[in-house]
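All remarks here apply to the structure that follows.
Derivation of every value follows stated rules applied to the coordinates shown; laboratory data play no part. Computed from a predicted model, the values in this text were never measured in an experiment.
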Amino acid sequence: MRQHGTALLAVVGPQGVVYPAFQFTDAGDVRAELVSHVATLHDAGATPWIVWRWLTEPVSLLSGEIPHEVMRTDPRRAAIATERYAEQRRSEDQQERPL
């Protein structure tokens, strides 16, 4: 079961639970700028694997840039893109639900 607002990304793979390294600082702390983005995507119904993909691959909403990298340099732009993506996910989920 998905927890609403979960701020730490954890995925389950063949070896068990994995916490992707990009979400931590060199000191091992969670990157503060990622917390709200991960929670927003979880709340929109994105699975952990979809969240990981969204944060680490080039996306059109950021002109081909990688969201977790943009969060370091332009947090506002990254937040807008994350919100738009989350809204797209919510819309898709509503369209798929039977009446």
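Figures for the structure shown
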item: Mean separation of Cα contacts under 8 Å (6+ apart) over length of the chain, as relative contact order %; result: 24 percent
item: Hull-based mean projected area of the chain, where the convex hull spans the alpha carbons, in square nanometres; result: 7.2 nm²
